[in-house]
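Input: a single structure, listed below in structure tokens.
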Amino acid sequence: MEISVVKIGNSKGIRLSKTLIERYNIKGRIDLILEKDQIVLRPLATPRKGWEKAFKEMNENGDDKLLIDDVFEDDHLDEWK
């Protein structure tokens, strides 16, 4: 695919089509990788985005209780210090 380099303020840049942005799920930031004579653009993934809010809600709802008892409850771990 051929695209043009365009003036953006005092800089130059490229514009990605809406189709490319949707197809590759680009959400605002991308990772730019410089490889042998190539520039690779990769969507910046944030797989844990929103976890902090979800964990807070779980705590407020009492959903963050242990499902399995602590396996080290009876063990003497002092010897490992």
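Each reported figure results from applying straightforward, stated rules to the coordinates on display, with no laboratory input. No experiment lies behind these values; they were computed from the predicted model shown. Counting neighbours? That spans all protein chains shown, and the Cβs are built from the backbone with ideal geometry, glycine included.
Report the label-to-label distance for Trp51 and Ile21 in nanometres (one decimal), using points 7 Å from each Cα along the Cα→Cβ vector.
Taking the two extended label points, one gets 2.8 nm.
I want to verify a result. In a Gaussian network model of the chain, Cα cutoff 10 Å, which of these has the top mean-square fluctuation: Ile14, Ile26, Ile68?
Looking only at Ile14, Ile26, Ile68, the biggest GNM fluctuation is shown by Ile68.
Taking only C-alpha pairs under 8 Å that are 6+ residues apart, what is the relative contact order of the chain in percent?
13 percent
Looking at [x] 1.26; [y] 1.30; [z] 0.91, which value of Rg/Rh (Cα atoms, Kirkwood Rh) comes from a calculation on the structure shown?
Computed from the coordinates, Rg/Rh (Cα atoms, Kirkwood Rh) corresponds to [y].
Return one number: the angle in degrees, 0 to 90 and rounded to the nearest 10, between the long axis of the Cα atoms of helix 51-61 and the longest principal axis of the Cα atoms of the chain.
40 degrees
For the residue pair Lys7 and Asp64, what label-to-label distance in nm results when each label sits 7 Å from Cα along the Cα-to-beta-carbon direction?
For Lys7 paired with Asp64, the spin-label model returns 5.4 nm.
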